[in-house]
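Note sheet for the following structure.
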Amino acid sequence: MSKKNYIKIGKKSAAVQISELKKINKVFNSSFAKAVDVLATCKGKVICAGVGKSGLIARKVSATLSSIGVSSFFCDPGTARHGDMGQIEKKDVLLIFSYSGNSEELADMLNYANRFSITVIGIASLKDSILLKASDIKLIIPKVKESDTTGMVPTSSTSITLLLGDCIASTIMHQKKF
C-alpha cells in the first residue's frame, strides 16, 4: 500500500468521525443540564467508571474533572467487584460510561449504587441498557458510524463519548467560574 493510500484512508476516517461528532447536539437537553448540576455540586467524589475503551474515556474524564477542582477518581468495575466498591460513599456520584450500556461488569457496581442510594449518571447509546435502566440521570449518546474499514472497531463511538465528557467538564468549569 502506498503512502498516498495511507493519507486517503486517514482523511476518510477523520471525515467520518467529524460527521458523526455533529450528532453530539442531541445530548444537550435537560438531562445534560441536570447531570452538570449534580456533578458541579457533588459534596463527595465523582467516581468515573467504564469497561474497555469506555474505561479509558472514563479515566480521562476523571483526570479532567480533577484538573478543574472536582474531586474525582476512576474505579474499574471489574476490580470493584473484588472489594473496591468500599471506596464509594453515599455522598458520591457515579459517572459511568458504556457505549452499549450492557457490559456485564457494570452489574455489581450498579446494584451496589442502587442498594446504597448513590446517584448514578449513565452515559450510553442504548435506552434499554442495564446501565441506563439503573441510572438516576440518563445521557443517551447517539448511535454513530465507526470510521474503521470494518465498521466495528470503536472509533467514532469513543470520540463522541470523549467529546461528551469534555463538554460536561467545560460546562462545570463555567458554572464554577473556574
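The values are calculated or read from the model by the stated rules, or taken from the named source; none is laboratory data. Source: prediction; values computed, not measured. Every residue, glycine as well, gets a Cβ built from its backbone with ideal geometry; the counts of neighbours run over all protein chains shown. Keep in mind that these areas ignore ligands, DNA and RNA; they rest on the heavy atoms of the full protein, side chains included. Shrake-Rupley method; radii C 1.70, N 1.55, O 1.52, S 1.80 Å.
What number of residues within the stretch 47-75 satisfy the criterion of being more than 18 Å from SER125 (Cα to Cα) and part of a loop (DSSP other than H, G, I, E, B)? Total meeting the criteria: 5. Cβ separations smaller than 7 Å between residues 6+ apart or across chains give the following pairs from the stretch 102-114 residues that are free of Cβ contacts under 8 Å to residues at least 24 places away in the same chain to residues that are surrounded by fewer than 22 Cβ atoms within 10 Å (Cβ to Cβ): ALA107/ILE130; ASN114/ALA134. A single member of LEU126, LEU131 is open to solvent by 10 Å² or more (accessible area, probe 1.4 Å) and without any contact (Cβ under 8 Å) to a residue 40 or more places away in the chain, and it is LEU126.
Of everything in the stretch 134-157 that's among the β-branched types (Val, Ile, Thr) and more than 13 Å from TYR99 (Cα to Cα), which residue is surrounded by the most Cβ atoms within 10 Å (Cβ to Cβ)? It would help to see each step written out before you state the result.
Keep residues of the stretch 134-157 that are among the β-branched types (Val, Ile, Thr), which gives 137, 140-141, 144, 149-150, 153, 155.
Narrowing further to those that are more than 13 Å from TYR99 (Cα to Cα): 137, 149-150.
Working: ILE137: 22, THR149: 10, THR150: 6.
It comes out as ILE137.
Restrict the check to the stretch 76-97 and report whether at least one residue is without any contact (Cβ under 8 Å) to a residue 60 or more places away in the chain, crowded, with 17+ Cβ neighbours inside 10 Å, in contact with an Asp or Glu (Cβ under 6 Å, 6 or more places away or on another chain) and part of a helix (DSSP H, G or I). Within the stretch 76-97 (the criterion being without any contact (Cβ under 8 Å) to a residue 60 or more places away in the chain, crowded, with 17+ Cβ neighbours inside 10 Å, in contact with an Asp or Glu (Cβ under 6 Å, 6 or more places away or on another chain) and part of a helix (DSSP H, G or I)), the answer is yes, since at least one residue qualifies. Residues in the stretch 98-123 that are open to solvent by 10 Å² or more (accessible area, probe 1.4 Å) and either part of a strand (DSSP E or B) or of a type in the set (Gly, Ala, Ser) (or both) were compared, and the one that is nearest to LYS34 (Cα to Cα) is THR119.
I'm trying to understand the selection: among the residues of the stretch 37-67, which are β-branched (Val, Ile, Thr), open to solvent by less than 10 Å² (accessible area, probe 1.4 Å) and touching a residue at least 60 places away in the same chain (Cβ under 8 Å)? Passing the criteria: only VAL61.
How many residues are without any contact (Cβ under 8 Å) to a residue 60 or more places away in the chain and either open to solvent by less than 10 Å² (accessible area, probe 1.4 Å) or in a helix (DSSP H, G or I) (or both) if we restrict to the stretch 158-178? Residues in the stretch 158-178 being without any contact (Cβ under 8 Å) to a residue 60 or more places away in the chain and either open to solvent by less than 10 Å² (accessible area, probe 1.4 Å) or in a helix (DSSP H, G or I) (or both): 2 in total. Just to be sure, is SER117 in contact with a Gly (Cβ under 8 Å, 6 or more places away or on another chain) and without any contact (Cβ under 8 Å) to a residue 60 or more places away in the chain? Answer is no for this residue.
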